[in-house]
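The values are calculated or read from the model by the stated rules, or taken from the named source; none is laboratory data. This one's a predicted model, so the numbers in the text were calculated from it and none came from an experiment. Reconstructed Cβ throughout: ideal geometry from the backbone, glycine too, with neighbour counts over all protein chains shown. Heads up: the accessible areas ignore ligands, DNA and RNA and are worked out on the full protein's heavy atoms, side chains in. Shrake-Rupley method; radii C 1.70, N 1.55, O 1.52, S 1.80 Å.
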Amino acid sequence: MSGNKVEADVNASNSKGVSLPMARVKLIMKSSPEVSSINQEALLLTTKATELFVQYLAVSAFLNGSGKAENTLSYSDLANTAEETETFQFLTDILPRKILVRDYLKFLEENPVDEADN
Amino acid sequence: MAERPEDLNLPNAVITRIIKEALPDGVNVSKEARRAISQAASVFVLYATSCANNFAMKAKRKTLNATDVMSAMEEMEFERFLQPLRESLEAYKKGQKGKKEASEQKRKDAKEKKNDTGENDKSRDDEEEEEERMEEDQEVENEVEEEEVEN
């Protein structure tokens, strides 16, 4: 079904050396209100950097993770890497560690939340 | 283009392929992990853009350029990306140069042809621009299609 599509995709990427769609990356960049315009080279570099980032994050999480034995990369590997690696700290908001409600309630008991904070 | 929230996601098929290519063969990536990496990539774009924009503002420029993005990578401590990025920029510039030469040649050919037929030069330029625009639109359409298949 998607065989032809993937091939076309690869061809398209070869012309610019990137596989992510630059138009989409541009849209994300432009969603930032303070950005007025972006030249083509900056867009290319951001697109390429995003690809490198995806590779780097995946590999770091896999190597740090516990799933190496089972040959899997799981969400918790990513969340742990985000928290433990300095360069990935900016991801902790969108990659929170998951904890059980049971553990959370215990945590709340031990660390009562100040009403004023809420 | 209508801005829907999903427009700010990167195409899953491409993200999945990049992950697969980066990891050793046969590694299983959970669906949750793939979605998380994709979201992380969008946040990375925003973070890089914001850093690059600070450099552009400091230099009193309104347009983000290659130097701003490179400085942003350094500031974000992704120095490891600098070398591959430089290479990619070089390759891109070479490609652009080749493209420009090709289109100049095309224009020259067109001009010669025009002299034969007496056609208006300006209208030809307009036509070429129109073609380029159509190609861009085509690209966007393909993306949308791809995503629909994925979902």
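Annotation: of all residues in the range A:30-52 being facing chain B (nearest Cβ under 7 Å) and assigned to a loop (DSSP other than H, G, I, E, B), the one that is most open to solvent (accessible area, probe 1.4 Å) is A:Glu34.
Give me the pairs, please: first residue somewhere in the range A:37-57 and basic (Lys, Arg), second residue anywhere and part of a helix (DSSP H, G or I), beta-carbon distance under 7 Å, and either six or more positions apart or on two chains. Partner pairs satisfying both residue conditions: A:Lys48/B:Leu85; A:Lys48/B:Ser88. When the range B:52-80 is filtered for residues that are assigned to a helix (DSSP H, G or I) and either crowded, with 21+ Cβ neighbours inside 10 Å or aliphatic (A, V, I, L, M) (or both), the ones remaining, listed by number, are B:Ala52, B:Asn53, B:Ala56, B:Met57, B:Ala66, B:Asp68, B:Val69, B:Met70, B:Ala72, B:Met73. Just give me the residues in the range B:7-62 being of a type in the set (Lys, Arg) and within 8 Å of another protein chain (Cβ to nearest Cβ), in sequence order. The answer is B:Arg17, B:Lys62.
Selection within the range A:12-29: residues that are more than 7 Å from chain B (Cβ to nearest Cβ) and modelled with pLDDT of 95 or more. The member of this set that is farthest from B:Ile18 (Cα to Cα) is A:Lys26.
Here B:Pro84 passes the criteria (1) open to solvent by 10 Å² or more (accessible area, probe 1.4 Å); (2) facing chain A (nearest Cβ under 7 Å); (3) in contact with a Ser or Thr (Cβ under 6 Å, 6 or more places away or on another chain); (4) assigned to a helix (DSSP H, G or I) except the one numbered (3).
Among the residues of the range A:53-81, those that are closer than 24 Å to B:Pro84 by Cα, within 7 Å of chain B (Cβ to nearest Cβ) and surrounded by fewer than 19 Cβ atoms within 10 Å (Cβ to Cβ) comprise A:Gln55, A:Val59.
A count restricted to the range B:1-51 and to residues that are closer than 16 Å to A:Val25 by Cβ, in a helix (DSSP H, G or I), open to solvent by 40 Å² or more (accessible area, probe 1.4 Å) and acidic (Asp, Glu) stands at 1.
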